[in-house]
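Asker: Structure below; questions to follow.
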């Protein structure tokens, strides 16, 4: 069965993070109550007309740019006509003939080899409303009606579930860092439909669509189980028909939703209520210039500043951490130390307390001070851990916090005095050391740290101990 | 009984300013005339209570503009907040809008008083107003004749002097043709001059709201009031609103006028052609030049119109599905049953016919064969008009091939009525302004109208010519209908 070749194409719908909806002034955002972010335009009320939110165009240009697409400088909208209760006007306004971006690619790295996944097109459209099926009836929530989307359609360029997962992870990263969408699959702001076919020849097999898969890892599982199903059917002499399936997480199988009707006709035609949108080069350039720092640039900088590749990936995976770290790019601090803290103790505290740095007392000034103290050995990581909660929760200065914990910054003379005292009281060990047992040094370090409650800089302790022992 | 409504807007305004009359006198007179002429069936809904209340409120306000306190009728496809808006369809028989069309807000800003909603063809689909769910309005000049359509109720109530002002809408001649049949002045402005927000869409790329009045000056006044850019309508023009009355009364000497040969061909009744010839001579005698020209594809305009308008209509009317507003069938068995029966029971025959034809025209390959091709030829018509306007100030010709015909005629041939609009449709195809000004009567004393077509945003020049003709002819257009 190994001679079957798998072909995968993916359609992603990403909700755009705009303030208002695409064709009306209703709020585009989270609402506690159903049908509160709604006006006559969203309801498809007779006589209403769409307006066009410029923010949508800006975000769609950004998306086209990061997906390396050619931008259509003269574009219009089209109507896609079909009847469904979640479609208020009886048509969806989308872009069929002049998608904003065409012919792009996303580069992924599969087992160390780079591969370009072709983007057929990226087009702008409006979301439908949300149907909630309740007892025997369906309820409609129009808050989502008219939320702006971009649909990103790949070419059938992926040949495994692994590539599909890598593509989606990369796509998510690109859109997230271009401020296009928050790409939360679980919340529905990014939705994946996957087309899968298998074939033994160079002719593509029958395409099966798997709709609305709930997470990126499930996309991988869904493809694997679907490929297995298709091969089994073909091997037992069956013919496949185009159909739409969904992925059932519990059984790890795909389940039939509907067989595709031939000639599903959406009667596309140009939307006369919205004139052509003309994008000139100055406008496009201006949008691109104002892009936030993209993930590729961030990666480069972090690596150059010495952060290890594993940690760089961890930072990029969390936009909040990356954005926070970027505040210190031009500050004179050790970025490796800073990133270690952010990924380690700080991340745990923030997660545990579901908060963010800016909501706590651990301000930028303190952060710089802490990183520098740790970097120069003026504070040990043990002490950092000890004062961590206070750093977040107390307005007091770091010196005060250290004092409060009985840790005062020690002068060199004090440290030397302590060391001298310990050596004086442990002559037996000194003798052993001098007779060649170098492990004894560790014992002394331990004693010093114990005496100083860990507040001493280990580097200095070593240095002064050696000086004292060589006397 | 008073006869203030026979006066011009300027004359009424003077009386209001001098406190010789109050707005309520006008409103009461309008309702009295409407009641006495209810057989015209010009209105679907009257707003008696609110109109009287509004008139009383205005008594304490300064008469600050010419249109202050003037009763106005609104075609029933323009939404009015809290006032039933039916589109003359069973589908919207119980529909009370929750917002105002932009033009309605503009009318209320000028303190005009909305009297009621005018009868029309169902969803403006028709040329006779006979497709109305509420029965056809009648022509005041001869109540056995149609008022035309689709703005038949608006034309009928103006011709009968029930109100001095009305709004119509024109997708393929729906203001000009009934204005011609009823002997009134009607203007379809340049596409984009008046906001379409709140006009229940028939064919989005063609629809335009316009004023219908008894005389040219009043028409220009009303256009002044309703024009202008609207942020809610992306197709509305940013071009500044001019005073459309400003050229009225100016001489037409040196004006260059063109007549398309098609407009004077055999498709037009001889009596109408003769009247237009008389006007051509009148204009020549007064220093204008008149030349005959050809406009490319003008004879194909009806076919293009059918493709474009029905295609767009099939999509625009998809929202009437029984889910959110309007008619919804009883006890649907399931979703499909809800859709099917709501639309089957809610729409009339002509509307269903156009939705079906439109859906067919946009299906699969047809979209390319018909719709896209129609858009291309439509562009060519536009270009040909543009070429003409590079040389000529205005284009004239008849608006209709016949005068108003019998209320029962041509009922069995739905495609025949499209030919009523063969002379008015080219203007919509090119997005140009076109108007009707009455120029006389046929042997049965039924009105004949002249169509004046201008280049985009040249409404002022059209009014100049129309006012000149109106003054020279000084026709008696007053119908003695008040019993």
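The values are calculated or read from the model by the stated rules, or taken from the named source; none is laboratory data. Values in this document were obtained by computation on a predicted structure and should not be read as measured data. FYI the Cβ positions are ideal-geometry reconstructions off the backbone, even for glycines, and counts take in every protein chain you see.
Asker: What are the residues in region B:308-323 that are without any contact (Cβ under 8 Å) to a residue 24 or more places away in the chain and in contact with a helix residue (DSSP H, G or I) (Cβ under 9 Å, 6 or more places away or on another chain), if any?
Answerer: Hits for region B:308-323 are B:318, B:321, B:323.
Asker: Continuing with this model, one more query. Is there any pair linking a residue in region B:77-92 that is at positive phi and within 11 Å of chain A (Cβ to nearest Cβ) to one that is assigned to a loop (DSSP other than H, G, I, E, B) and modelled with pLDDT of 95 or more, with Cβ under 7 Å and at least six apart or on different chains, and which?
Answerer: Correct list of pairs: B:87/B:76; B:87/B:77; B:87/B:200.
Asker: Only one of A:282, A:244, A:239 is part of a strand (DSSP E or B), away from every other protein chain (no Cβ under 14 Å) and either at pLDDT 95 or above or out of contact with any helix residue (DSSP H, G or I) (no Cβ under 8 Å at 6 or more places or on another chain) (or both); which?
Answerer: Going through A:282, A:244, A:239 in turn, just one is part of a strand (DSSP E or B), away from every other protein chain (no Cβ under 14 Å) and either at pLDDT 95 or above or out of contact with any helix residue (DSSP H, G or I) (no Cβ under 8 Å at 6 or more places or on another chain) (or both): A:244.
Asker: Residues of region A:422-471 being touching a residue at least 12 places away in the same chain (Cβ under 8 Å), under 45 Å from the mean Cα position of the chain (by Cα) and surrounded by 11 or more Cβ atoms within 10 Å (Cβ to Cβ), which ones?
Answerer: Within region A:422-471, A:445, A:449, A:452, A:453, A:454, A:455, A:456, A:457, A:458, A:460, A:461, A:462 meet the criteria.
Asker: Additional query: Restricting the first residue to region A:175-187 and requiring it to be without any contact (Cβ under 8 Å) to a residue 24 or more places away in the chain, which pairs with a second residue that is not in a helix (DSSP H, G or I) meet a Cβ separation below 7 Å and a spacing of at least six or different chains?
Answerer: A:184/A:190
Asker: For region B:171-196, which positions are in a loop (DSSP other than H, G, I, E, B) and away from every other protein chain (no Cβ under 14 Å)?
Answerer: B:172, B:173, B:174, B:175, B:183, B:184, B:189, B:190, B:193 - these are the residues of region B:171-196 that are in a loop (DSSP other than H, G, I, E, B) and away from every other protein chain (no Cβ under 14 Å).
Asker: How about region A:108-206: which strands (runs of 3 or more DSSP E) wholly inside it have at least 1 residues that are crowded, with 18+ Cβ neighbours inside 10 Å?
Answerer: Of the strands (runs of 3 or more DSSP E) lying wholly inside region A:108-206, those with at least 1 residues that are crowded, with 18+ Cβ neighbours inside 10 Å span A:113-126, A:137-141, A:148-154, A:190-199.
Asker: Does region B:243-259 include one or more residues that are without any contact (Cβ under 8 Å) to a residue 24 or more places away in the chain and within 23 Å of the chain's Cα centre (by Cα)?
Answerer: no
Asker: Considering A:96, A:54, which residue is free of Cβ contacts under 8 Å to residues at least 24 places away in the same chain, over 24 Å from the mean Cα position of the chain (by Cα) and more than 9 Å from chain B (Cβ to nearest Cβ)? Spell out how you get there, then give the answer.
Answerer: Details: A:96 fails: free of Cβ contacts under 8 Å to residues at least 24 places away in the same chain.
Among A:96, A:54, only A:54 is free of Cβ contacts under 8 Å to residues at least 24 places away in the same chain, over 24 Å from the mean Cα position of the chain (by Cα) and more than 9 Å from chain B (Cβ to nearest Cβ).
Asker: Can you name the residue in region B:197-254 that is out of contact with any strand residue (DSSP E or B) (no Cβ under 6 Å at 6 or more places or on another chain) and not in a loop (DSSP other than H, G, I, E, B) and, of all such residues, is nearest to the other protein chains (Cβ to nearest Cβ)?
Answerer: B:225
Asker: So, of the residues in region B:282-326 that are within 11 Å of chain A (Cβ to nearest Cβ) and at positive phi, which turns out to be farthest from the chain's Cα centre (by Cα)?
Answerer: Top of the filtered list is B:322.
Asker: Next up: For region A:338-365, what are the residues that are surrounded by 18 or more Cβ atoms within 10 Å (Cβ to Cβ) and more than 22 Å from residue A:312 (Cα to Cα)?
Answerer: A:362
Asker: More than 30 Å from residue B:325 (Cα to Cα) and in a helix (DSSP H, G or I) - does that describe any residue in region A:67-87? Quick ask: steps written out before the conclusion?
Answerer: As a first pass, look at region A:67-87 and keep what is more than 30 Å from residue B:325 (Cα to Cα): A:67-75.
Imposing the further condition that a residue be in a helix (DSSP H, G or I) reduces the set to none.
No, because not a single residue in region A:67-87 is more than 30 Å from residue B:325 (Cα to Cα) and in a helix (DSSP H, G or I).
Asker: Let me ask you something else. Find the helices (runs of 4 or more DSSP H) located wholly in region A:300-406 whose residues include 2 or more that are at pLDDT 90 or above and within 23 Å of residue A:177 (Cβ to Cβ), and list them.
Answerer: Where helices (runs of 4 or more DSSP H) fall fully within region A:300-406 and carry at least 2 residues being at pLDDT 90 or above and within 23 Å of residue A:177 (Cβ to Cβ), they are A:309-317, A:319-326, A:335-341, A:347-352, A:364-376.
Asker: Please determine whether any residue of region A:39-48 is under 25 Å from the mean Cα position of the chain (by Cα) and in the same structural domain as residue A:160 (by TED's automatic domain parsing).
Answerer: There is no residue in region A:39-48 that is under 25 Å from the mean Cα position of the chain (by Cα) and in the same structural domain as residue A:160 (by TED's automatic domain parsing).
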